[in-house]
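The values are calculated or read from the model by the stated rules, or taken from the named source; none is laboratory data. For clarity, every value in this text was computed on a predicted model and none was experimentally measured. Note that each Cβ is placed from the backbone with ideal geometry, even for glycine, and that neighbours are counted across all protein chains shown.
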Amino acid sequence: MEKNGRRGFMGKAFGAVAAVGAVGSLVAMKKSWDPLPSVKAAGFTTLDMTAYTAGELVTEKWRGKPIFVLKKTPEMVAKQNEDDKARDIIVNGEHFMVAIGLCTHLGCIPAYYPDEEGFICACHGGQFDFAGMVTKVPPPRGLDIPPFRIDGNKLVLGEIGPEYENMKENGVTL
Amino acid sequence: MAHFEKATSVKDWLNQRLAIEKVEKVMASEYWIPKNINFLWAMGMVLMITFILLLVSGIFLLMYYQPNVATAFDSVNYTIMREVGFGWLWRHIHGVAASVVFLIIYIHMFTGIYYGSYKKGREMIWISGMLLFITFSAEAFSGYMLPWGQMSYWAGMVITNIFSLGGLHLDGLVEWIRGDYVPAQAFLNRFFMLHVLLLPLAILGLIGLHFAALRIPHVNNQDGEEIDFDAEAQKYLAGDKKGSKVMRFANDFMSKDMMVVGIYLIFFFYLVFYHYNFAMDPVNFDPADGLKTPAHIYPEWYFLWSYEILRPFSVNIGLIAFGFAQVIFVLLPFLDRSPNTVPANRRGAFGIWFWLLLVDMIVLTAMGKLPPEGAFSTIGLVAALAFIALWIALPFITAKEKKL
C-alpha cells in the first residue's frame, strides 16, 4: 500500500473505523457475559441464630453456595487458639462458625466429622478444624467467611457489617 | 469474463466452472504419500471418521436436548434415552466417541513424537495438532456439563474455579465466566452455546489448518527419510510405480487407510453396543445438587494425567505445574534440539526419554483416578515431579545427541 496516497489514507480510515467497532463489540460481548441484575439482586439470606444446637453443623444456602453454620460448644470455645478466635461470630454471647462451605482449593464441599470436630474435603484431601482453619493442604487458607451483618438475633448474609469489615481488614477472610 | 464453451458432458460442464478434475488431482490422486509407513499413519483418518460420528450423533441429540437447569437432566436421561426412537444410540455413540477420540488423539500424538514428525518443516503440523487437542479438551468439558448431573455440576465448579488463578483470587473472573455466583442457568446456556457452535467452528477451522500444514512438508515416514516428492511423483507417473517411494493418496493410500478404519469401527461399535458404560459415569446419573459434593470428584480418564499434576501440590504451585503441563507439548518442536528426524529407538537418550514420558503419563493417569491418600499421594507426587523433570531435561539430552 502506498504510504501517503489515497489508498494509504483509505486504509487508515478503515483501520480507525474497524478499531472503534472492535473495541465497542468487545465491550458489548464482555457485558453480555456478566451476571444478570436479577442474579445479583437475589444475593441476600437472613438466618435466625437462635435456632441452632451447639455442636451440630447446619448447612444453609446463600447465592447458591452452601453456608456452614456451627454453634460452638463451651469446650470448643475454651480450646480455641488466636486464629480460631479471630474467626468467631458472636451473636447474643453465643459463638458461631459461619463460613462458605466450599473448599478454598477448588470449591468442593468438605464433609464435617463431629467426632474429629473437623472437615475433610474428598476431592483433594484438604482438612479444616471446627473453626474453619486449614489443618492440611492443599487449601491455601481457611474457609471463606461470607459478608455478614449482625442484626439482633439475626445474621444477614450478603450485607457488610462492622464485624465483617474488621475481619476483612485483619486478613481473617478474603 | 472468462471464455466458456458448450459442455460435452455434466463433468465437462462442472470442469469448466469448478475445475473439478484439477481439484481431484491436487487433493487426492496426485497428493503423494510415502510408501514406507505403517498402520499408525491411519490414525488421522480414524480421527476424522470419529469426528464425523460425533457431529452426526450430536445433531440428533441437539433436536431433543434442552439447555435448562430444570429440564436438561430429564431431556437426556428420559426423553432421549427412553422416548426418542434410537435416541440411546445417538447418546451412546456420542459418549463413547468423546472418550475414544482422546485415545486415538494420544496414539496419534505419541506416534508423532516417536517418529519425530514435528521436526524440519513439520512444526506447524504439530502446533496445529496441539491446538486441536486443546479445543477438543474444551469441547469435551463443555459437553460434559450438558446432562447437568452431579459430575457435570461439580466438574463445572472445580474447573471454572481454576480461573481464579489461586493466590490471585480472581473471583470476579470466575463469576463472569459462570454468569452467576455458582454454575446455574447462565452457565449451562453458555456452555451449551460453546459446545454446539463456537468450539465446533474453531475445530473445523483448525482441522483445515492441520491439513494445510501437511501439504508442503508432506507426511513423515518410518525412517524420517527426506523424500524428493516431485522427483518420486514423476517416477510414479512415468510408470515406475514399484521404484517410486511414493503412492497416490487416493485410492492407493486410502484403501489401506479405510481397512484400518473398518477394523476400528468394529471395535468402536462393539463398545457402543456392549460396553458403553465405561463412558457413562454412574455419579452423573444423579441430578446436579449444589449442596452436595460427590465423595470422589475425578475427571474423565483422558484428563487424569494433567489433573494428577495439579493435585499433589499446594494451590499456587499446583496451578503453575498444571499450566506447564498444558502448554509444554506445544513447544516440543523447539525443545527438541537434535538435528535427527529418525524414530526414537535410533536416538539413544531420546528413546529412553520417550518411553519414560509414556510410562509416567500412564502412572499419572492411574493415580489421578485413585483417592488422594497414602501411597497413591506419594506416587502421584513423584510422577508429577518426574513429568516436569523430563521436559526440563529434554533440551539438554537432545542437544547432546550426535548427528546421524
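At-a-glance table
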item: Filter result (within 14 Å of chain B (Cβ to nearest Cβ) and of a type in the set (F, W, Y)) within the range A:64-113; result: A:F68, A:Y112, A:Y113
item: Boolean, B:E123 is free of Cβ contacts under 8 Å to residues at least 40 places away in the same chain, assigned by TED's automatic domain parsing to the domain that holds B:V56 and farther than 18 Å from B:N284 by Cα; result: no
item: Candidates B:V359, B:V363 - the one that is in a helix (DSSP H, G or I), closer than 30 Å to A:A122 by Cβ and either within 14 Å of another protein chain (Cβ to nearest Cβ) or touching a helix residue (DSSP H, G or I) at 6+ places or on another chain (Cβ under 6 Å) (or both); result: B:V363
item: Residues located in the range B:1-17, provided they are exposed (fewer than 12 other Cβ atoms within 10 Å of the Cβ), at pLDDT below 95 and either within 18 Å of B:N220 (Cα to Cα) or of a type in the set (A, V, I, L, M) (or both); result: B:M1, B:A2
item: Listing of helices (runs of 4 or more DSSP H) fully contained in the range B:157-263 that carry 1 or more residues being in contact (Cβ under 8 Å) with a residue 40 or more places away in the chain and within 14 Å of another protein chain (Cβ to nearest Cβ); result: B:185-193
item: Residue under evaluation B:L188, criteria (1) surrounded by 20 or more Cβ atoms within 10 Å (Cβ to Cβ); (2) closer than 27 Å to B:P333 by Cβ, criterion not met; result: (2)
item: Qualifying residues in the range B:219-235 (those that are surrounded by 17 or more Cβ atoms within 10 Å (Cβ to Cβ), closer than 23 Å to B:A344 by Cα and of a type outside the set (V, I, T)) - the one modelled with the lowest pLDDT; result: B:G224
item: First in the range B:378-404 and within 17 Å of B:P333 (Cβ to Cβ), second anywhere and of a type in the set (S, T, Y), Cβ under 7 Å, 6 or more apart; result: B:T398/B:S338; B:E401/B:S338
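Condition check ((1) modelled with pLDDT under 95; (2) farther than 19 Å from B:A140 by Cβ; (3) basic (K, R)) across all residues:
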| site | (1), (2), (3) |
| --- | --- |
| B:F191 | no, no, no |
| B:L199 | no, no, no |
| B:L204 | no, no, no |
| B:F278 | yes, no, no |
| B:D286 | yes, yes, no |
